[in-house]
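Asks: First the structure, which I've put down as structure tokens, then a few questions once you've had a look.
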Amino acid sequence: MENMFSRNTDKNVPKTLKDCYKTDSITENLWSWCIRLENWGKILFWILIVGGLILAITSSIVEKEVVIKEATMWSSAETELRKTFDFGIFFSLAIDTALYAFLEYCAYHIIALLVGSLASIVQNTKVAADVAIYNAAKEEKDDSTPENEKNESYLSRAAKEVEKPIRNNNSVASSSKVWVCKKCGEKNSSGMYCKSCGEYK
């Protein structure tokens with residue numbers, strides 16, 4: 001446990017929003033344990049099934065006394081022991097094996113779900129905390145900017161927004177100020193006097 005938490009003692013401020021969503025060592029360890037428990041449950045399930053079937057088959061082979069020759073008035077019955085397969089025993093042991101294997105898998109699966117839920121809670125809590133720290137650091141950085149610089153940047157942005165339509169209007173206005181001299185027919189873009197003959201507009 002010491003190795004699990006050793007890299008999470010110091011809290012660093014995330015530099016970008018993407019860093020807030022990175023998983024830490026605690027979350028990685030919890031998710032890896034969740035996967036391990038699920039895999040162990042599956043492996044033990046099949047071990048119990050195979051081992052239980054082998055045990056059921058071997059236990060179902062029993063020796064029974066079989067009558068070879070029935071008894072008569074002058075002689076006793078002749079019997080011998082023969083190995084036979086008892087389906088009743090096999091069926092009972094197979095049911096018990098399947099039940100134990102199922103309960104074992106359910107137990108491991110429930111533990112894996114609990115560990116996975118804990119990992120999800122830790123991960124979401126870590127992300128929420130990192131996002132809050134990132135936003136707080138960002139607001140603190142914005143608050144550290146002097147008020148005159150904020151106003152200046154705001155005014156410069158506003159001036160640029162106002163300047164755009166003014167430039168457009170000037171270009172339209174300049175294009176509409178073209179006039180033709182009545183005396184010589186010269187086109188003039190500005191001014192009150194013709195640039196060719198000097199005639200007044």
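Asks: In region 34-64, how many are part of a helix (DSSP H, G or I) and surrounded by fewer than 17 Cβ atoms within 10 Å (Cβ to Cβ)?
Replies: 17
Asks: Right, next: When residues of region 81-121 are filtered for being more than 24 Å from G41 (Cα to Cα) and either surrounded by 15 or more Cβ atoms within 10 Å (Cβ to Cβ) or in contact with a Gly (Cβ under 9 Å, 6 or more places away or on another chain) (or both), how many remain?
Replies: 2
So that you can scan it fast, the table gives a plain yes or no per residue for (1) in contact with a His (Cβ under 9 Å, 6 or more places away or on another chain); (2) modelled with pLDDT under 90; (3) basic (K, R):
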| position | (1), (2), (3) |
| --- | --- |
| T23 | no, yes, no |
| S32 | no, no, no |
| E38 | yes, no, no |
| I47 | no, no, no |
| I54 | no, no, no |
| I57 | no, no, no |
| E63 | no, yes, no |
| E78 | no, yes, no |
| F102 | no, no, no |
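Asks: Please go through (1) at pLDDT 95 or above; (2) over 30 Å from A128 (Cβ atoms) for K69 and return the number of the only condition it doesn't satisfy.
Replies: So the condition that K69 fails would be (1).
The values are calculated or read from the model by the stated rules, or taken from the named source; none is laboratory data. Computed from a prediction, not measured in an experiment: that's the story for all the values here. With ideal geometry, Cβ positions are generated from the backbone for all residues, glycine too; neighbour counts draw on all protein chains shown.
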